[in-house]
Every structure is written in structure tokens, then in C-alpha cells.
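What follows is a set of notes on a single structure, which appears directly below.
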Amino acid sequence: MSPLARRDEKVFVIDQSRCIGCKACVQACAECGTHRGHSMIHLEFADRGASTQTVPMVCMHCADPTCAEVCPADAIKQNEDGIVQSALKPRCIACASCVLACPFGVPKLMVEMNQMMKCDMCYDRTSLDLAPMCASVCPSQALWFGTREEFADARPGVLIDEFLFGRQSVRTKVLTVAREDGPLDVASGRTARAWQDDPFGLEESAWPGNAR
Amino acid sequence: MATLPLAEEELVARFGPHLNRQPPGGWNAGLDIDREVPTHCCFCGQQCGIVLKVKDERVVGFEPRYDFPFNEGKLCPKGVKRYLQGSHPDRLLAPLERDPADPAGFRQISWETALERTAAEIRRIQAAYGPNAFAMLSGVSLTNEKSYLVGKFARLALGTANLDYNGRLCMVSAGAANKKALGIDRASNPWSDIRLADVVFIAGANVAECAPITTSYVWQARDRGAKLIVADPRVTPLARTADVFLGLRPGTDSALMGAILNVLIARDWLDHAFIAAHTEDFEEAARAVADHTPQWAAGVCGVPAARIEQAAELWGTSRTGMLLHARGIEHHTKGVENVLSCINLGLATGKYGKPGCGVTTITGQGNGQGGREQGHKCDQLPGNRDITNPEHRAHVASVWGCDESEIPGKGLTAQEIVNAIHAGEIKGLLSICFNPAVSLPDTSFTAAALDKLEFYAVIEFFLSETAQHADVVLPGSLHEEDEGTSTTVEGRVVKINAAIKPPGEARLDWQILVDLAHRLGRGQYFPYGSTEEIFTELRRASHGGTADYGGITWQRVVDEQGVFWPCPSEGHPGTERLYEGGRFYTPSGRAKFHPVRWRPPAEEIDDAYPIWLTTGRVVSQYLSGTQTRRIGPLVEQYPEPLCEMHPQLAARLGVADGDLVRVRSRRGEITLPAAVVATIRPDTVFIPYHWPGRQAANQLTQRALDPISKIPEYKVSAVAIERLGPGRGTTDARDMSLEGTPA
């Protein structure tokens, strides 16, 4: 845990393994007062041909945001709570450098507005002690908002705030869940449970009902 | 005369579905609202709490309702966007009459004309052909109050036996099996019990898409260490994470459950004390599955025997467990048997009446639970009473203040009513909250039947595909325009609050029915001044029945965040968990095992139709889509039906992902894009059913019914498939194109 984190501070946790792909988060994000009509959440199938696994992505709110580092117009600001905000409208030149540079693929270039917009963790809600829209509605609670204590009481796993992208290490305000502590190497794959490689037993040795 | 007044395309151009994408005033109208109204979502039996935002007497948005204990703010995309059904350009605002000469196909008429003509046609048809020649079809998106009123209206105002409801396509197999085995038809447990289960067994339920909030309960159990078993022909989004996946062939559920019972017996994973003390007929059930070994079931179900044994061991050796089933096992000509085979597994292991123990259906429709108790089902009176039982009839007659002989007997079920219309035996129809043109199997048959009606009147808020056939359209009320109660998947009675009044000349559904009753000379039985008065009468009518609402008041429902029936008196706390102490609601007080041997479905694959078809739902659409096909962001999420098929089948057919294919059955055919996905059995394809006309999956399905529940066999058909040509993009490309922001 980051030494700076307060005990009662609410944290945003994303556990993509629980996502059911329903897009309640996408639809609810577009209802948020500060960017109504526009969803800031990314939700895609990992590989629909192979699996129903879907991948929701909110902004991870990096401690040292790559998007801000690469911004040639100094338009992307982080506030005192560590929230990385949408590009400042007067400064943004819509160059999409941030879109290309973000390791998590979060910023969106809104072409019709000539501005980069992104998830601000529903700052308008969290500042009023309301949960973000997406984590409020998420049916599987793949997106979760609460204190670390509440998480530890309810769910197994370790909360992780450090990610390795090749040689780049990124610390984030938004947390994810892993079985073990330590930085999460994004590039290393983890094998699924055995049946998921062969859900219908087609590769198993001859058995009477094999649909192959 | 109930043929379409104009071509379907012309009716669609005038009446929709059009897509409503933004709240009234647009996205930038701001959210300085006038009031917030706590109520419930209308799209599914979970009845999630939601807060609707109202500005200038229009619903303009939503807010999560964190205080409602079932969902604590959680919603699926249908709930998030439900508010867009209000202020919709397709909303019916005035009574209409069929007029082929009118450019719209319908001309606007006064309420007086509409109701007088409807009453006159009812009288004419019943005088000429007898009272039962006029039928009524209803639906369980209606509140308890409306469901009750429809039951009373059909029996006492229309005087017809032929009243049935769209729950006939939904929960009737579970309801019939529950009553046979357990003596009552309700979820065995509050959903909080799912959290306490050591094993969760989901059979034929795409929980992630059809009951999304239930996903969180399943995960809460698993966070405690529970194991998850899923039986489904598809690797649904929740199945993907299961500990044991049983990817069975459509139509083989009772073989799978029989084999699990066979293993429980062979390995002695039984609760002998529970069986002895609280059940009967175990031996008959055991004998029936003596030859249903896992090896045998592997051949029937197409599931490796080792996985069946693994599932049996998890179910049999876990101290607590919940088995959740839905339409996947219920939409069958053996739907009742399938449910009974699940109940047998619960009884054999003593998994009833204890925390974390139960076997229950996941009710599908908004008021699927409550709607099936209040007496708008052809064989039922309020309180889940039996319309053929003299004592039950006498009680209801005493509440209604009529002579018992005035209550008609048992009528035809929904599909049978449409069959009788097709056969010319039923000549007139009044419907509310039912879109059989999309939702019944064999759509060309249904359309031909509707064309034959001499008179058809419909109470609707949008001109559904069925309502296009109407002679008179009576504009009724949307969910957010009336108040009342509904009963959730858990058996919890909750309060629906009116956020706004019906727009234009549209009226509250109950007031339309009461007005019509007066015009039929039966007004004396409908003296209501408010919706709450209907509920007060419902409480009396249900009292003493199994579904006893006697002690439930609107005030209690609000104060207690819902009350679980049975609740016989105002001092009674309600009943969250049924069967505690092993007490069942059968005459003997014991639960009854039923012998279930697997038998084949009504239609099997052959050389001409060599592929199994199964149908179901997607998360962004609800039932026949009358509402959700009009909500832009939901339509964009899954705009058209796709035919899911395995890469091995696709290779055999020469089909690539995104190609257009023609799927044919003995009933009809459909052309649609293929989604080539390894998440479905190679011998089976899946098509979702929410669309009408040439996009209707039900062009392919058949009118074969369960002999007891009369539910159609939507889940098993035999089809042939051929490639037509390239389509408009692959599944992943479609997903990417939908990603992001509504325009």
C-alpha cells in the first residue's frame, strides 16, 4: 500500500476478470453530468472468436501520467487528489500524442470538439462522496469503489498499484487485483483453467457424445 | 378485420421503432431537475431500485438508487437507459382506429368513439359466437394491481374463459413444477442466500445478460470460496469463469440432471435424514435414473462423463448450495420435467429451507413473479388459486361480490388462444402488454392468425408489431406513469412510483379497463378510485391462498424496502426463506420427488435439418423489444440478430466471421450475419429473439408445447444453414465500431 494512502480513503479497483461485457458502465458513463452524451470508458472483447472475455478500461490515474509527460501543449493536469483530468480546452491542440502514448490506451480524441477527453473518476461525484457512475452500476463489481478495508473484508486477492510495460514501470491511483503482491507484468500471459482451452471437450480422447 | 392497414414498412415509418438517443432537450439541457422519484427498473424480474429524474414533467435521467438492498445502485445497461423510453417520438398519444385510407394507416378518434366501438364489438362477437369467442391476452410487465384487475375484468366484464398472459412464454414450467413438488410457486430463497452457498449451480440461465445483477451475488459466494457449476450450450460471460462447465446439447437437461442424481445415489452423497423426514417418493425418482449413468449421459448430452461426476461431487458434498435455473431448461416440451429433475437434486441432498440452500428459477419478466399470482392466467384466480377448485372459486366470488357461477372456468393458454384464432374459433381479442407477433414461435402462423380476427383492440404505449394489426388502439400508460406494486425474482413485493402523468390523451391502463367495464354494463364490480384501492382488494382476494398478500400494505412495502409473501397478516414479518424446518406447502407437508427419465425434444436433427438451434436474449434488449428497440444507445450496443456458430461448423459450411448466412427450419427462414465464436457447441447455433418480421428468430421455432405448462419449445429446433455471401464486418470489428460514444 502506498504510504500516502489514508485508511478511510476510497479507492477505485478494476478487476477485469469479473467483467461480463454488459456495458452498463459505458452507458452510465455517458450520463455523467460533466460529459453527458459521451462515454469515457473503453470496453472491448479480448478476442470474441475465442472467448466471451471483455476488457473494461477506465483511466488508471498514473502517479506520473505519461499522457501529461508527452503533451506538447501542457494541457493535461493532475489535481491535488491525483486525478488526471481531460485536456484543458484552451490549450489542447488535438494532436493525439496522449492517445498514442498512454500505456493503458485511455484518452479519447473527441474530433468534433478538437479536444482530448478522458475519465476523471467522476470527480464531480467523488468530491460529493458519491461513487463514480461506472462502479455504482457495475453488475459484477468488476469496477469497484470503496475503502481498502472494505475490499479486504469482502474480496480475496491483493490490490496492486504498479504495472510493468516492458521497461516502463507505472504506478497508478486506480488499483487492480492479483493473487500475489508485487508489480504486475502486463506482457506476461497467464494460462486459463484447463476447461477454458477446450470448453466442449472436443480435444479430449474419444467419448460417446463428442460433438466434434 | 385485423390485417395490417398499410405495408409494414409504412407503419414502421410512421410509428417506429424510431431511436430515441437523448433526453428531452438534448444532452446539454442540464440536470437542474425538479424532483427525484425512487422506483424500480421495468426491464426484468430483478426489479432493481432506480431513481428517475424529472424536469418539466418529463423523465430526463436516472441516478443509482443506493438504498435499495437488492441492487444497492447496480444496474445493467437497460436500467441505465430505461428513462429514454419516455418523451419518445413513437409514444401513442391519442386513440386510433384502423383506416387503410389514411396515410398513416390509422386515424385519430376520441376516447368516447374508441371505447364505445370496442364495447360494441365485444357485445356483437359474444352474441354471435358465444362469450369465449372473445379472448384477452395480458402480460407480466404489468403491476400486481393491473394483473389482478385484468383477471377480474376478463372474468366479470368480458365473461370469457379465454384469458392468458405472456408469462406462458416465461415462468410457467417452473411454476408448474414448483407446485407439483413443493406446493407453492415462489423463489425458494431471498437472493442474499446465494452469498451463503458453498456451491452455485446455474442451469440454463445466461445470468450475465438476462439477470445481470445476480452476477454480483454469485461472486460474493465465490469470494467466500464457493464453487460455480454452469450448464449451458454456450460459454456465456459468467460461464467463462466457472469451475465446472457442462456445455450440453440443447434438449438434454433432464438427462444431465438424471445422471447427477444417479451419481449422488451411487456415491451415497444423499441427505437420508432429510429424505426420510421431509419428502416422499424418493425411490421412484431413484429407479427412474438407475440407467442414467454419466457414461450414458455423456452420449446424450455431449458432455464428458468426468465433468458430470465432478459436478455431482461438488453438489453432493457441499454443505450448502443453490441451484438457479431459467428459460434455458424451461423453454422445452419437457420444461416441467427439467425443473422437477433440478428439484430432485435439491431434495436428495437436503438443500432446502436452510441458509444458502435452495433450488429456484430466475424469473424473467418485470413482474414475472407477482403477475403469475394475481389471476390473469387461464387456470388461476388471485392468491395463486385454482380456477377449477370450488372452494377457491367461492372465496374469490365472495371478494368480488358476484355469484360463483359468474366466474368462467379454465380457458386456453396463450399459444392455444392464437391457435384457436387461426382456426376461426376465437373471433375477437383485447390485449395489453403482450407482443405475440414477435414473441410466439412460428411468426408466420401468428401473423396469419391475427389477420383472421374480426375485431382486435389493444392497450399500448407504442404501436408494437402485434398492435399494427389492431382495429382500435387505446393509448395506455408506461411503467413510470402509474403507481402500484410488483413482486421481484425473490418474492419481494416492491413499490412502483409514478414519476409523471401519461402524456397527451394517453390514460392509465386501469382506468381504461374500468371505463370499458362500465360500458359493458359491469361497472358495479369495478368501483375503484385509485390504484391503492385495487391493491386493498387484491390483499383480501389473495388472503388464504398460497400467494398470500393479506398483511402487505403499500406503506409497509415502502417502510421495509419490500415485503416477502406469504404474509397473511399485518403483524406478520413476511417470509424471506421458504421451507424452513423442512415444511413444504403440499397437502402432506412433504416435498415430492418425481421420477424423471430423459426423453427427446419434439424435433430432432436429421439429414435435411442437421444443426440444433437454440434462442435467447442479449443484455441490451428486453423480450420482444417493444421498448428497448426504441432506445438508441441500447440498439447500438447490439443492433441486429447474429447467428453464433462454432469455428468447426463454420469451416464445414465455408462461412467466415461476419458472412451472411441463411438459416432454415420447417417453419421458415432468416438471413443474418454469422458470428463465428468458439463459445458455442459445434453442433448448435444460437440466435437472439428480440426482433420482428424478417429478423425474427421465431420464424424458425415451432409451436410444440409442454403438455403441462404449455410453454413452447423455443430452445430446441432443427435447422439447415447455408452461406449467402460476405457481410458487413467481423464480430470484433462490429464491437469496435460500437465502442465509444453515442453520436
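Under 17 Å from B:GLY335 (Cα atoms) and more than 12 Å from chain A (Cβ to nearest Cβ): does that describe B:GLY204? When the stated conditions are applied, B:GLY204 passes them. All conditions but one from (1) among the small types (Gly, Ala, Ser); (2) more than 31 Å from the chain's Cα centre (by Cα); (3) crowded, with 24+ Cβ neighbours inside 10 Å apply to B:GLY335; the one that does not is (2).
Can you tell me how many residues in the stretch B:443-459 are of a type outside the set (A, V, I, L, M, F, W, C) and crowded, with 24+ Cβ neighbours inside 10 Å? Let's see the steps before the verdict.
Of all residues in the stretch B:443-459, those of a type outside the set (A, V, I, L, M, F, W, C) come to B:443-444, B:446, B:451-452, B:454, B:456.
Add one more test, that the residue is crowded, with 24+ Cβ neighbours inside 10 Å, and what stays is B:443, B:446, B:456.
The qualifying residues number 3.
Keeping to the stretch A:22-74, report how many residues are among the β-branched types (Val, Ile, Thr), more than 10 Å from chain B (Cβ to nearest Cβ) and touching a strand residue (DSSP E or B) at 6+ places or on another chain (Cβ under 9 Å).
Going through the stretch A:22-74, the residues among the β-branched types (Val, Ile, Thr) turn out to be A:26, A:34, A:41, A:52, A:54-55, A:58, A:66, A:70.
Checking which are more than 10 Å from chain B (Cβ to nearest Cβ) leaves us with A:34, A:55, A:58, A:66, A:70.
Subset that is touching a strand residue (DSSP E or B) at 6+ places or on another chain (Cβ under 9 Å): A:55, A:58, A:66.
Of the residues in that region, 3 qualify.
Residues in the stretch B:118-155 that are of a type in the set (D, E, K, R) and within 18 Å of B:GLY476 (Cα to Cα): B:GLU145, B:LYS146. Please work out if A:CYS67 is without any contact (Cβ under 8 Å) to a residue 40 or more places away in the chain and crowded, with 16+ Cβ neighbours inside 10 Å. It is false that A:CYS67 is without any contact (Cβ under 8 Å) to a residue 40 or more places away in the chain and crowded, with 16+ Cβ neighbours inside 10 Å.
Of all residues in the stretch B:54-64, how many are more than 10 Å from chain A (Cβ to nearest Cβ), buried (at least 17 other Cβ atoms within 10 Å of the Cβ) and either touching a strand residue (DSSP E or B) at 6+ places or on another chain (Cβ under 9 Å) or assigned to a loop (DSSP other than H, G, I, E, B) (or both)? Break it down into steps so the answer makes sense when it comes.
Step one: list which residues in the stretch B:54-64 are more than 10 Å from chain A (Cβ to nearest Cβ), which gives B:54-60.
Subsequent filtering for residues that are buried (at least 17 other Cβ atoms within 10 Å of the Cβ) retains B:54-55, B:58-60.
Now drop any that are not either touching a strand residue (DSSP E or B) at 6+ places or on another chain (Cβ under 9 Å) or assigned to a loop (DSSP other than H, G, I, E, B) (or both), which leaves B:54-55, B:59-60.
Of the residues in the stretch B:54-64, 4 are more than 10 Å from chain A (Cβ to nearest Cβ), buried (at least 17 other Cβ atoms within 10 Å of the Cβ) and either touching a strand residue (DSSP E or B) at 6+ places or on another chain (Cβ under 9 Å) or assigned to a loop (DSSP other than H, G, I, E, B) (or both).
Checking each residue in the stretch B:1-46 for being polar (S, T, N, Q) and closer than 23 Å to B:PRO103 by Cα picks out only B:THR3. Do we have any residue at all in the stretch B:300-320 that's closer than 17 Å to B:ALA203 by Cα, basic (Lys, Arg) and surrounded by fewer than 24 Cβ atoms within 10 Å (Cβ to Cβ)? Yes - at least one qualifying residue is present in the stretch B:300-320.
Each residue in the stretch A:148-170 was checked for being of a type in the set (Gly, Ala, Ser) and either touching a Leu at 6+ places or on another chain (Cβ under 7 Å) or not in a loop (DSSP other than H, G, I, E, B) (or both), and 3 of them qualify.
Within the stretch B:70-167, which strands (runs of 3 or more DSSP E) (wholly inside it) include 1 or more residues that are more than 27 Å from B:THR628 (Cα to Cα)? Spell out the reasoning first.
On the way: elements: B:96-98, B:106-108, B:134-138, B:163-165.
In the stretch B:70-167, B:134-138 are the strands (runs of 3 or more DSSP E) which contain 1 or more residues that are more than 27 Å from B:THR628 (Cα to Cα).
Starting from the stretch B:336-357, keep only residues that are under 12 Å from B:ALA181 (Cα atoms), then list their pairs with residues that are acidic (Asp, Glu) whose Cβ atoms are within a distance under 6 Å, requiring at least 6 positions of separation or different chains. So the pair list comes out as B:VAL336/B:ASP706. State all residues of the stretch B:212-232 that are more than 9 Å from chain A (Cβ to nearest Cβ) and within 23 Å of the chain's Cα centre (by Cα); if no residue qualifies, say none. Selection gives B:TYR217, B:VAL230, B:ALA231, B:ASP232.
Residue by residue, here is whether (1) within 14 Å of chain B (Cβ to nearest Cβ); (2) farther than 24 Å from A:CYS67 by Cβ; (3) touching a His at 6+ places or on another chain (Cβ under 9 Å) holds:
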| position | (1), (2), (3) |
| --- | --- |
| A:GLY105 | yes, no, yes |
| A:PRO139 | yes, yes, no |
| A:PHE151 | yes, yes, no |
| A:ARG155 | yes, yes, no |
| A:PHE163 | no, no, no |
| A:SER169 | no, no, no |
| A:VAL174 | no, no, yes |
| A:ARG179 | yes, yes, no |
| A:PRO208 | yes, yes, no |
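Of all residues in the stretch B:136-156, one or more are in contact (Cβ under 8 Å) with a residue 60 or more places away in the chain, touching an Asp or Glu at 6+ places or on another chain (Cβ under 8 Å), among the β-branched types (Val, Ile, Thr) and away from chain A (no Cβ under 14 Å). From (1) within 11 Å of chain A (Cβ to nearest Cβ); (2) in contact (Cβ under 8 Å) with a residue 24 or more places away in the chain, pick out the condition that doesn't hold for B:THR241. Here B:THR241 meets the rest and fails (2). Here the helices (runs of 4 or more DSSP H) wholly within the stretch B:390-483 that include at least 2 residues being out of contact with any Ser or Thr (no Cβ under 9 Å at 6 or more places or on another chain) are B:390-400, B:414-422, B:443-451.
Please state which one of A:CYS59, A:CYS19 is surrounded by 15 or more Cβ atoms within 10 Å (Cβ to Cβ) and within 30 Å of B:ALA651 (Cβ to Cβ). It would help to see each step written out before you state the result.
Values: A:CYS59 fails: within 30 Å of B:ALA651 (Cβ to Cβ).
The unique qualifying residue is A:CYS19.
Being farther than 14 Å from A:GLY49 by Cβ and within 14 Å of chain A (Cβ to nearest Cβ) is the filter here, so list the residues in the stretch B:644-672 that pass it. The answer is B:ARG652, and nothing else.
Being buried (at least 22 other Cβ atoms within 10 Å of the Cβ) and farther than 14 Å from B:ARG14 by Cα is the filter here, so list the residues in the stretch B:82-124 that pass it. The answer is B:ARG82, B:TYR83, B:LEU84, B:GLN85, B:GLY86, B:PRO95, B:ALA114, B:THR118, B:ILE122. Going through (1) assigned to a loop (DSSP other than H, G, I, E, B); (2) more than 17 Å from A:PRO56 (Cα to Cα) one by one, A:GLN141 falls short only on (2). Considering only residues that are more than 14 Å from every other protein chain (Cβ to nearest Cβ), over 20 Å from B:GLY368 (Cα atoms) and not aromatic (Phe, Trp, Tyr), which ones fall in the stretch B:300-330? Matches in the stretch B:300-330: B:ALA312, B:GLU313, B:GLY316, B:THR317, B:SER318, B:ARG319, B:THR320, B:GLY321, B:MET322.
Considering each of B:ILE421, B:ILE417 in turn, give the residue that is crowded, with 24+ Cβ neighbours inside 10 Å and either outside the structural domain of B:TRP510 (by TED's automatic domain parsing) or in contact with a strand residue (DSSP E or B) (Cβ under 6 Å, 6 or more places away or on another chain) (or both).
On the way: B:ILE421 fails: either outside the structural domain of B:TRP510 (by TED's automatic domain parsing) or in contact with a strand residue (DSSP E or B) (Cβ under 6 Å, 6 or more places away or on another chain) (or both).
Every option except B:ILE417 fails the conditions.
The values are calculated or read from the model by the stated rules, or taken from the named source; none is laboratory data. Just so it is clear, the model here is predicted, and its values are computed rather than measured. Note that each Cβ is placed from the backbone with ideal geometry, even for glycine, and that neighbours are counted across all protein chains shown.
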